[in-house]
Amino acid sequence: MSARQQPNVTGTRPPPWRDERVLRVAVQVAFLAGVGALLWLLGGNLVRNMRAQGMRTDFGFLDQPAGFALTGTDFSSRDSIGDALLVGLQNTIVVSIWGIILATVLGVLVGIARLSTNWLVRKCAAGYVEALRNVPLIVFLLFLYLAVLQRLPRINDAFDAGGFVFSNRGLYAPWVAVAENSGIFLAICAGALALAAIVGAWRTRRFDATGEPHHRVLWGGAAFLIVAGVAWAVLDRPVSITLPSLEGRNVSGGYELSVEHGALLLGLLLYMAAFIAEIVRGSILAVPKGQSEASHALGLGGFQRYRYVVLPQALRIAIPPTGNEFINLAKNSALGIAIAFPELLRVTRIAIGQGQPAPQLVGIMMLLYLAISLLLSVVVNLLNRRLTRRGA
């Protein structure tokens, strides 16, 4: 057969029922359709049963007065149920953010300490990790709440540690006092942060061009401090530090942390830091040993070796599993219900106990927890993607 008579098979495509791309899309569409039909069936069945029992199926109850108060907050019984859910959501987010920050710092330090050449430091870090990882979190929270914080001195005999006040009523720490013209100062600080980023980028480009040490953190930090310091002085101290002061049975100034809030935050950060420490330790051990040997041959000290060689490579390995621990920490904040902390789950349960419809409240609670977890997952994935591209 001549070339002119040979069939041209390069541009032909298989029929749709044999095309891999078409089949892949069709299977996904069919799966989504099946899930949607199942949800529609279950939702319709739920609505019919609720109506048969005389339960309301709308969300108008969110605007009704709650009829209950939340201890440790400004929420009163006259506020709406929707506001109560927002208070619970706010408490959950605050505990999660502070827990993630503090647990990360402590976990990194303990993970590095587990690889220390000092026998005492290494064994103390190992004992901390093994002790907390093998105890249920709910038991640890109850121990902190009932056996530690509840046993602090009464407010009359509160322990004043020069800026920190500890009692079984609450924990008080220094905080920031904001004046009326603080909005201008915060706007200037935002501009100072942008300036610091620009200075850091300039130092990075100069390093790439000349090889001169960039010190971008020092340069950017100095630019921010200069601009913020001048603005703070010109605006007559719009932001200041207020210290708690014990006056009889009252404490004025500072930031008040209820015993329940303190127990939950302390329990989450100490418990999750043990898991993060193991992730950090494993990530450091996963860095090829030749990297440390090469940095030692270049004359780098122990801190420089970790700062410039080991930890940047270990960070790329540790980000994905550490992100899972962040999500676990946010979800474990629901255990605050065991120590009467008004987080999202406890507020939802109180509202249900007051006769409000449980299906809607549980559904809202699940969606809010899902949103928190998805947001953390997106942030961790973006950070992991950026570190991966930089490492490549």
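A few notes on this one:
- The modelled label-to-label distance between THR388 and HIS215, using points 7 Å beyond Cα along the C-beta direction, is 3.7 nm.
- This model, with +1 at the C-beta of Lys and Arg and -1 at the C-beta of Asp and Glu, gives the chain a dipole about its Cα centre of some 1660 debye.
- Student exercise, the range 188-237 dipole from Lys, Arg, Asp, Glu Cβ charges, in Debye to nearest 20: 60 debye
- Estimated from the Cβ-Cβ distance and a Förster radius of 35 angstrom, the FRET efficiency linking ARG13 and VAL378 is about 0.40.
- At R0 = 45 Å, FRET efficiency that the Cβ-Cβ distance of ARG133 and ASP157 yields, to 0.05: 0.80
- Here's the picture: a label point sits 7 Å out from the Cα of ASN168 along the beta-carbon direction, and within the range 255-286 the residues with their amide nitrogen under 15 Å of it are 259-260.
- As a calculated quantity, the FRET efficiency between LEU41 and ALA371 at R0 = 35 Å, using C-beta atoms, amounts to about 0.90.
- Extreme residue, positive dipole direction of the chain, given options PHE159, PRO15, ILE337 (C-beta unit charges): PRO15
- In terms of overall dimensions, the C-alpha atoms belonging to the range 197-326 reach 62, 43, 26 Å along their principal axes, ordered largest to smallest.
- Point-to-point label distance, LEU225-PHE59, nm (Cα→Cβ direction, 7 Å offset): 4.8 nm
- Options (1) 32.5, 115; (2) 28.1, 107; (3) 22.3, 73 - which one matches Rg and Dmax of the Cα atoms in Å as calculated here: (2)
- Helix runs (DSSP H) in the chain reaching 30 Å along axis by Cα, Kyte-Doolittle at least 0.0: 20-52, 81-113, 182-210, 259-286, 358-391
- Translational D in µm²/s for the range 188-237 (Stokes-Einstein at 20 °C, 1.002 mPa s, Kirkwood Rh from C-alpha pairs): 190 µm²/s
- Virtual spin-label span in nm between ARG78 and ILE101, 7 Å along Cα→Cβ: 3.4 nm
- Listed residue (ASN49, ILE364, TRP119) projecting farthest to the positive dipole end of the chain, Cβ model: TRP119
- Per-residue Cβ neighbour counts within 10 Å put GLU130, GLU278, GLU256 in the sequence GLU130, GLU256, GLU278, beginning with the fewest.
All of the numbers you see were taken from the coordinates with simple rules; none came from a lab. As the structure is a computational prediction, the values presented were derived from the model and not from experiment. So basically every Cβ, Gly included, is an ideal-geometry build from the backbone, and we count neighbours across all protein chains shown.
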